[in-house]
Amino acid sequence: MTYDAVDVEVLTPPVDAKMPETQLEGLPEALMLSAAEPLPQAEQSAVATADVAIALPAPSPATVVSTAREVWQDPVQSPAAQLTATEPAVPEPAIPGPATPGPESSSRRETLDPTLLMDRGSTFLAQSDINSARLFFRLAAEQGSAAGAMAMAMTYDPLVPGVGETGAEAGAETGKARANPTAAVDWYRRAAQLGERDAAPRAAHLIDVLARRSAGGDAAAKAALYAIGP
């Protein structure tokens, strides 16, 4: 492969042409140069070996602290912060609290008439439904009825006619409640505190009978006396 010769004209400035002077602002006049006039050798050495010091203001401590905080708090600078910011918050499951009785049930219980409760309990007692009768007698006693506490005691007293003896076989008797001397004395004492006069004598009489039976070797009477206490 051959190439044709191309004439290239090189433009050269005339020898006597003078370049414009170049001056840097802020430099002393001794350093004003002309492109055609180089520095003397002594001045070139002085400039080459001179230390140039640039005074910069030192950052204040507040600026350093502020910059450090921005670096640590910037999501771009801190991968952990960026991950936390992008993750959606998952709400914690609510822990259900203990169930509380509603105001309606509480108000109904507070407005129960002890006299009506005693009537309902007596009706069930006449029908030999001892458990239902005790339910209404207890509600009446909780309303402050001494008669309700007295009736509760008598349904547990083995000396009261219609109440079965203690033991597993007593509950099987039709129309009779299973006796519980300990519960009977406890309810007699509550009735006495509520103002029932016959409650204390009945409790004392029951305890005396249990003591005689215990002395005769009755284990159930002895256990009942131990549970009743002094």
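The values are calculated or read from the model by the stated rules, or taken from the named source; none is laboratory data. Because the structure is a prediction, the values reported are computed rather than measured. Here Cβ is always computed from backbone atoms with ideal geometry, including for glycine, and neighbour counts include all displayed protein chains.
A few remarks follow.
- Region 128-147, residues that are closer than 16 Å to R178 by Cα and of a type in the set (S, T, N, Q): S128, N131, S132
- Filter result (exposed (fewer than 13 other Cβ atoms within 10 Å of the Cβ) and of a type in the set (D, E)) within region 199-230: D208
- Qualifying residues in region 152-185 (those that are buried (at least 19 other Cβ atoms within 10 Å of the Cβ), assigned to a loop (DSSP other than H, G, I, E, B) and not aliphatic (A, V, I, L, M)) - the one modelled with the lowest pLDDT: T166
- The residues in region 186-230 that are of a type in the set (D, E, K, R), under 17 Å from L159 (Cα atoms) and assigned to a helix (DSSP H, G or I) can be counted, and the count is 7.
- Residue within region 131-151 that is at pLDDT 95 or above, aromatic (F, W, Y), surrounded by 19 or more Cβ atoms within 10 Å (Cβ to Cβ) and within 30 Å of K222 (Cβ to Cβ) present: yes
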